[in-house]
Amino acid sequence: MTTDAAMLLHQWLSPAFPVGAFAYSHGLEYAVHAGEVSDRATLEGWLETALRLGAGRSDAILLAHGYRADPAELAEIAELAAALAPSAERLLETEQQGRAFAETVNALYGYDLPPMPYPVALGAAAARQGLPLADTLRLYLQAFAANLASAAVRLVPLGQTDGQRAVMALLPTCAALAAEAETAPLDEIGSCALSIDIAAMRHETQATRLFRS
């Protein structure tokens, strides 16, 4: 990866890029409320499950196919990504972040990306900018884990250092999933993170909430 590509990907996936990722917890807020996540060890387990068995892996495959898609295929992949959201808030999470990302890169580069779920929008934009798919996938998954670890730091509460330790422990997982997703067919998408999906559903009626999902 060239220096320019690395810098651009870090900009796009930085918390400063205006997609509003800080406002979403992916159901983690309910998991903390229910006592399922209470320290670094339980956070690492929750994030590992989200990456390997939940949206992490599925979104990475969607990103790779969005990267390679022509306009007609892109619309179908975006439709599939929306259909895979297991709850209203998780659909809001991916659609609102995707819309904000597309609007920003359209303004920056003169693209004409329509609103679509976040990983698909990121894949399409990375292809247009000529960014390497493998690095886009790795950094996307790392950013996914880091954003949720940041939420846990605020919710548990968890120390900043333990939050970083949790992300660091999952870097090999992110790399392995990125390598798998780069060539995985769409029909290999599937998830089995039922407790995380249920937490996202229960978050919708949680009495006190800091996050939108």
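Observations, loosely collected:
- Test: Glu36 is within 14 Å of Leu170 (Cβ to Cβ) and either surrounded by fewer than 24 Cβ atoms within 10 Å (Cβ to Cβ) or in contact with a Cys (Cβ under 7 Å, 6 or more places away or on another chain) (or both): no
- Restricting attention to the stretch 53-83, the residues that are in a helix (DSSP H, G or I), closer than 18 Å to Leu194 by Cα and of a type outside the set (A, V, I, L, M, F, W, C) add up to 4.
- Top-ranked residue of the stretch 87-124 - restricted to ones that are part of a helix (DSSP H, G or I) and touching a His at 6+ places or on another chain (Cβ under 9 Å), ranked as nearest to Ala193 (Cα to Cα): Arg90
- Condition met for Ala145 (over 13 Å from Glu44 (Cα atoms) and at pLDDT 95 or above): no
- The sole residue among Thr49, Thr2 that is without any contact (Cβ under 8 Å) to a residue 60 or more places away in the chain and out of contact with any strand residue (DSSP E or B) (no Cβ under 7 Å at 6 or more places or on another chain) is Thr2.
- For the residues Ala31, Ala41, the requirement of being assigned to a helix (DSSP H, G or I) and buried (at least 22 other Cβ atoms within 10 Å of the Cβ) singles out Ala31.
- For the stretch 18-60, residues that are among the small types (Gly, Ala, Ser) and either farther than 16 Å from Leu84 by Cβ or over 14 Å from the mean Cα position of the chain (by Cα) (or both) total 10.
The values are calculated or read from the model by the stated rules, or taken from the named source; none is laboratory data. If you're wondering where the values come from, they're calculated on a predicted model, not measured in any experiment. Reconstructed Cβ throughout: ideal geometry from the backbone, glycine too, with neighbour counts over all protein chains shown.
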